[in-house]
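Undergrad: Next up is a structure, given as structure tokens.
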Amino acid sequence: QEPRPPPRPRPRRGPGGGCLDVDFAVGPPGCSHVNSFKVGENWRQELRVIYQCFVWCGTPETRKSKAKSCVCHVCGTHLNRLHSCLSCVFFGCFTEKHIHEHAETKQHNLAVDLYYGGIYCFMCKDYVYDIDIEQIAKEEQGECSVPGLGEKYPTWETTKPELELLGHNPRRRRIASSFTIGLRGLINLGNTCFMNCIVQALTHTPILRDFFLSDRHRCEMPSPELCLVCEMSSLFRELYSGNPSPHVPYKLLHLVWIHARHLAGYRQQDAHEFLIAALDVLHRHCKGDDVGKVASNPNHCNCIIDQIFTGGLQSDVTCQACHGVSTTIDPCWDISLDLPGSCTSFWPMSPGRESSLNGESHIPGITTLTDCLRRFTRPEHLGSSAKIKCGSCQSYQESTKQLTMKKLPVVACFHFKRFEHSAKQRRKITTYISFPLELDMTPFMASSKETRVNGQLQLPTNSGNNENKYSLFAVVNHQGTLESGHYTSFIRHHRDQWFKCDDAVITKASIKDVLDSEGYLLFYHKQVLEPEPEKVKEMTPQAY
């Protein structure tokens, strides 16, 4: 993750949660390299010129000058977060490391971000704060301010009335059960409930929410008005603005019609199909958001969509003659599960230890999510009509195929195949599937294959691997028939507060309401995140 300019100073809090008096005229201890830069005789004048001509650019002349001259001196582009060296006349890309190469070669330690105005120190490897430079930047921004320009990221400073208010309210604000920021209905624009329920699920996906609300998207499309990621960013801001009136997502619907033409029109559509189409378009429009990140696999995308939703599905095909195994790993955004009552044969439940996995008590006649996952990951005999050519035998042989999870996504989406389209009939399967609030995916990992005997789960006595545990945060339901129906969703807002989203109407729901629902799409979030292989960061339920 690339560093960003540091936030402005905020009031400190005391041990009891009260606010301490802060003298905002005194800045934090400065960077020693900035202090060395300020020893120069004309540093103030030179810095003002940079801010006037290349950062804020208030006059038409300076804007024209910036457009012509502000290009990287190495690659000649101007889109990759240009920085200007403070020691000489040099512009370089930050994301492509051209400014870094210049700093290392010339031993010029400081550069200014030409978009934000922040000062970056290459020795400290971070943006640094200096009260004198901040004052110059603020003065020049005020001088060059033009309506609509230079005020995209206004500086927040504590005023005297605000300090007085903080003094009179020493206790920190707590999130109450009546907290409603982020709860906003969506107007149905004509059979668009399939879109509204998925939007509610996506906007309550914790890491995706944090990404968009922190303004991380950098659009590189020739026509930003056609960028679905830009529209999603705007949608997040709308839904978390605190406005209680329902939002009209007409622009989102229009962009979906443009980029996923099979969903265009006012016909009833499938929510699962819309989810996959939306993720695909968002993935394609995220170009530029992963610049500067190094993927362990050069063929793997590091965009926010893939970081959150992409898992690795491992397929092992075993030759029945020589027992040689051919393994392939494919990316997946969801797992589609067969249900009892479908045309496909369903693996009958067996009353073993596995029936109590994930806290699901076995009730005769009730199928659980674990049962569906067990069937999904069981070895399947392909039969004589589907022989494969074995690389070892060099002949066509019968084989077995088994699917397991090689890599778990941050957000696991499970799709129940409730809509059956076969040569004989078209119908909806209404079988109730029990699903838990917390899910352990350890038994379904490729690394757990050795704990299976004849496809049955043989759970270890101590299964304490928290890295593979998930918490439920959204459920999409479908009421009605295959020909006519309606989509709604349950979302977890914060802690254990659940709400039902029915287009423009949002109502409080109980956990029982959620777990008793039929279930069409289930969204689970990992309880433990791994930002780096050697570090594990735990996300408590309160975090989302």
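The values are calculated or read from the model by the stated rules, or taken from the named source; none is laboratory data. Keep in mind it's a predicted model, so treat the numbers as computed, not measured. Here the Cβ is made from the backbone with ideal geometry for all residues, glycine too, and neighbour counts use every protein chain on show. Keep in mind that these areas ignore ligands, DNA and RNA; they rest on the heavy atoms of the full protein, side chains included. Shrake-Rupley method; radii C 1.70, N 1.55, O 1.52, S 1.80 Å.
Undergrad: Consider H98 carefully, then state whether it is modelled with pLDDT of 85 or more and either within 37 Å of the chain's Cα centre (by Cα) or surrounded by 15 or more Cβ atoms within 10 Å (Cβ to Cβ) (or both).
TA: So H98 fits the description; yes.
Undergrad: Right, C227: hydrophobic (A, V, I, L, M, F, W, C), under 21 Å from L79 (Cβ atoms) and open to solvent by 40 Å² or more (accessible area, probe 1.4 Å) or not?
TA: It is false that C227 is hydrophobic (A, V, I, L, M, F, W, C), under 21 Å from L79 (Cβ atoms) and open to solvent by 40 Å² or more (accessible area, probe 1.4 Å).
Undergrad: Right, another one. What number goes with the only condition from (1) assigned to a loop (DSSP other than H, G, I, E, B); (2) at pLDDT below 90 that V317 does not pass?
TA: (1)
Undergrad: Looking at the range 213-228, can you tell me whether even one residue there is in a loop (DSSP other than H, G, I, E, B) and closer than 18 Å to N477 by Cα?
TA: No.
Undergrad: Kindly indicate the residue of the range 235-250 that is surrounded by fewer than 13 Cβ atoms within 10 Å (Cβ to Cβ) and in contact with a Leu (Cβ under 9 Å, 6 or more places away or on another chain) and also farthest from H283 (Cα to Cα) among those meeting that condition.
TA: Per the criteria, the residue is P244.
Undergrad: Can you report the number of residues in the range 86-125 which are of a type outside the set (K, R) and more than 25 Å from E220 (Cα to Cα)?
TA: 16
Undergrad: Moving on to the next point. Would you check which residues across the range 36-63 are open to solvent by less than 40 Å² (accessible area, probe 1.4 Å), of a type in the set (V, I, T) and at pLDDT below 80 and list them?
TA: Once the filter is applied, which keeps residues that are open to solvent by less than 40 Å² (accessible area, probe 1.4 Å), of a type in the set (V, I, T) and at pLDDT below 80, the range 36-63 yields only T62.
Undergrad: Also: Tell me which residues, restricted to the range 462-516, are touching a Leu at 6+ places or on another chain (Cβ under 7 Å), within 24 Å of K428 (Cα to Cα) and either surrounded by fewer than 17 Cβ atoms within 10 Å (Cβ to Cβ) or not charged (D, E, K, R) (or both).
TA: V475, V476
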